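Heads up: the structure comes next, in structure tokens.
The values are calculated or read from the model by the stated rules, or taken from the named source; none is laboratory data. Small disclaimer: the values here were computed from a predicted structure and weren't measured. Cβ coordinates were reconstructed from backbone atoms using ideal geometry, including for glycine residues, and neighbour counts include every protein chain displayed. Ligands, DNA and RNA are excluded from the accessible area calculation, which covers all protein heavy atoms including side chains. Shrake-Rupley method; radii C 1.70, N 1.55, O 1.52, S 1.80 Å.
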Amino acid sequence: LIEDILIAIKTENHLIAHAPTGIGKSAAALSATLKYALEKKKTIFFITPKHTQHKIVIETVRLINQKTKVVAADFIGKKWMCCIPGIDTLSNQEFAEYCRESKEKGLCDFYSNTRKGNGLTPLASYTTEQAMHNPLHAEELCSLCSQKRLCPYEITGAIGKEANVIIVDYYHMLHPSIRKNLLLKTGKTMDDAIVIIDEAHNVPARAREI
């Protein structure tokens, strides 16, 4: 599998791999693509429909980090990264409007504590550095940011600018405007990306929904 993945990357072809659960597809895909990505300054986008798989990818990156430094950023839906209590009761559209208005009017302490102009506050910079050296999955980062009253989404975006691996949900890549925002947030381009899609048999249905 690793050999097939390497051939696909070097020849810029697509590879569909069908194999049983537990065989090690994620580890094989990450180990094969990371070596090439680090050498060629590419970014790996690992797309998965399950939050549990996000954790598995982060845990795999932590193991790889024992051999070579890898920076990973883990994105889930922006609403689910918000630390404000009760935010999950809003619809996605309501949340988007609430978030935008709160930032513009300076009403969100989490955002204000994180952003200073176009940069980060000292506390946010320190937290970002911490997460770069010790990859965290989204839930862990949200918990850390909640304690420090920082915005997890903004911190993850800052990590993403330096990340070798960016873990995202299907919507981040399949939805045109969300993909555009993600790429702007992280300063990445699809031209320099290697895309790994977990459980890719779900893609047609998800794409139709979007």
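To the nearest ten degrees, helix 176-186 and the longest principal axis of the Cα atoms of the chain are 80 degrees apart. Taking amide H atoms as placed 1.01 Å from N in the peptide plane, the amide H of residue 193 lies under 5 Å from those of 43, each 5 or more residues away in sequence or on another chain.
Taking the average, over residues, of other Cβ atoms within 10 Å as the packing measure, peptides 80-93, 103-116, 128-141, 12-25 rank 128-141, 103-116, 80-93, 12-25 from highest down. Sorted on the mean count of surrounding Cβ atoms within 10 Å across their residues, most packed first, peptides 200-207, 147-154 read 147-154, 200-207. Near residue 74, the amide H atoms lying under 5 Å from its own belong to 167; only residues 5 or more places off or on other chains count, and H is placed 1.01 Å from N.
With the dipole of the chain worked out from charges on the C-beta (+1 for Lys and Arg, -1 for Asp and Glu) around the Cα centre, which of 168, 204, 64 lies farthest toward the positive end? Most positive-ward Cα: 64. Charge dipole of the chain (Cα centre as origin; +1 on each Lys and Arg Cβ, -1 on each Asp and Glu Cβ, all else neutral): 420 debye, rounded to the nearest 20. Distance between the modelled labels on residue 149 and residue 189, one decimal in nanometres: 4.1 nm (7 Å Cα→Cβ projection).
Remark: the stretch 1-157 carries 58 Å² of accessible area per residue (probe radius 1.4 Å; ligands, DNA and RNA excluded). Rounded to the nearest 10 degrees, the inclination of helix 138-148 to the longest alpha-carbon principal axis of the chain is 30 degrees.
Which angle between 0 and 90 degrees, to the nearest 10, do you get for helix 92-104 versus the longest principal axis of the chain when only C-alpha atoms count? Roughly 60 degrees between the two axes. Normalised by the number of residues in the stretch 48-168, the mean separation of alpha-carbon contacts (under 8 Å, six or more apart) gives a relative contact order of 44 percent. The alpha-carbon of residue 188 sits under 15 angstrom from the alpha-carbons of these aspartates and glutamates, leaving out residues fewer than 8 places away in its chain: 74, 162.
What's the tally of Lys pairs in the stretch 65-123 whose alpha-carbon atoms lie under 15 angstrom apart, where the two lysines are 8 or more places apart or on different chains?
Numbers: 78/103; 79/103; 103/116; 105/116.
For the stretch 65-123, qualifying lysine pairs total 4.
For the stretch 75-198, what is one quarter of the convex hull surface built on the Cα atoms, given in nm²? Before the final figure, lay out each step's value.
On the way: hull surface 31.2 nm².
Averaging across all directions leaves 7.8 nm² for the Cα convex hull.
Carbon and sulfur atoms: what percent of the 1.4 Å accessible area of the chain do they account for?
Values: 6280 of 11940 Å².
Carbon and sulfur atoms account for 53 percent of the accessible area of the chain.
Pairs of alpha-carbon atoms within less than 8 angstrom and 6+ residues apart define the contacts here; what relative contact order does the chain have, in percent? Here the relative contact order equals 32 percent.
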